[in-house]
Structures are given as structure tokens and as C-alpha cells.
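Written out below as C-alpha cells is the structure these notes cover.
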Amino acid sequence: LIETTGTDTDLTVNNLTLTGGAATGVGATGGAISAAGTLTVIDSHLYGNSVSSPTSSFLDRSKGGAIYAAGALLIQGTKLEDSSATNGRGGAIYAGRKSLNGRTIENSTVSGNATTGANMGGGGIFARGTAEISGTSITGNSTIGASSPGGGIRGATVVITDSELSGNATKGEN
């Protein structure tokens, strides 16, 4: 797990593979990366990471199976695959409330990620504020649980261009 705690901290991950990371416990964040400040991920592969919380209450849920980003976020040319958030939001990516703008995902793959638990969502991506996604494949992601929308993406404002969205699913009563 890579973690930054200061909101004025910048982290750049370039050409790195992160797999098997796990964050557990009440309010767990970022199975592979948990960043309080600006996060840039370039030409990397994050797969098989997870976050898990024992409860799904509002303040206790887990966030970001692979990536939790509280600040600005830029992802380019990166694969985010087969990660999960149990009793959480954002199977691959959780872009938090503090990063209201400046979240961009370009020329990447978000595939096979999942969230479980009631009132969660964002099997692939959970984004607060505005997110811009271009040239990205978002496929085969899922949410499982009552009132958990957004098998591929759950977000406030999402602008998507030149991308593929397919095979994403929401399973449960909504």
C-alpha cells in the first residue's frame, strides 16, 4: 500500500504494477494507493486489490478497491482490474469529496471490479464532483447490494468521450 496523508502532498506513480494490496477495517481506503493530495498514475497496472469494512454505515464504509484519491486525480494509460470494495464504494477508484474538480481518466481500462453492500455503488468508479473520462474502456464492473447504482460509474457529474462502456451491472434491489 502506498499512502500519503498531507493534502499538500503530490504523488506520481509511473510504470508500476500494484497487486494484492488490501486495506481492512472501519472506513478503510485505497487497497493499493490512498492519497490525500494530488495523485497521478501513468502507464501502470493495478489489479487484485481490495478494501473492506465490517459495516456499511455512512462514515464507516470502505472506499477505493485500488485507488482512493481525496485530491486531484489524473490517470493515463493505466489498467485497473479485478479489484473490490466490500461494504464500500468504488471497486477500482474512489475520487473523494475534496477533489471536486481535476479528476481525469484517459486512455485506460477499468474492468472486472466490484462493490458489495447496501447503499454503495460505483463498481468501477465512484466520483464526487466532476470527472472527465476519455479513450477509456469501462467493462464488466458490478455492484451487488440494495440501492447500489452504477455498475460501471457512479458520479455527480461525469463527462465521457470516445470511450467504451459495456457489460457493467447492478445486482440487487434499487
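Within the range 1-24, if we keep just the residues that are assigned to a loop (DSSP other than H, G, I, E, B) and modelled with pLDDT under 95, the residue that is farthest from Ala72 (Cα to Cα) turns out to be Leu1. In the range 143-168, of all residues being modelled with pLDDT under 95, of a type in the set (Gly, Ala, Ser) and not in a loop (DSSP other than H, G, I, E, B), the one that is nearest to the chain's Cα centre (by Cα) corresponds to Gly155. Within the range 126-142, the residues that satisfy the criterion of being over 19 Å from Phe58 (Cβ atoms) and in a strand (DSSP E or B) are Thr130, Ala131, Glu132, Ile133, Ser134, Ser137, Ile138, Thr139, Ser142. May I ask you to list the residues in the range 106-125 that are open to solvent by less than 10 Å² (accessible area, probe 1.4 Å) and part of a strand (DSSP E or B)? Val110, Thr115, Gly121, Ile125 - these are the residues of the range 106-125 that are open to solvent by less than 10 Å² (accessible area, probe 1.4 Å) and part of a strand (DSSP E or B).
The values are calculated or read from the model by the stated rules, or taken from the named source; none is laboratory data. Bear in mind the structure is a predicted one, so any value in this text is a computation, not a measurement. Because the Cβ atoms are built from the backbone with ideal geometry, glycine has one as well, and the counts that use them run over all protein chains shown. The protein model used for the area step is the full one, side chains on, heavy atoms only, and it has no ligands, DNA or RNA in it. Shrake-Rupley method; radii C 1.70, N 1.55, O 1.52, S 1.80 Å.
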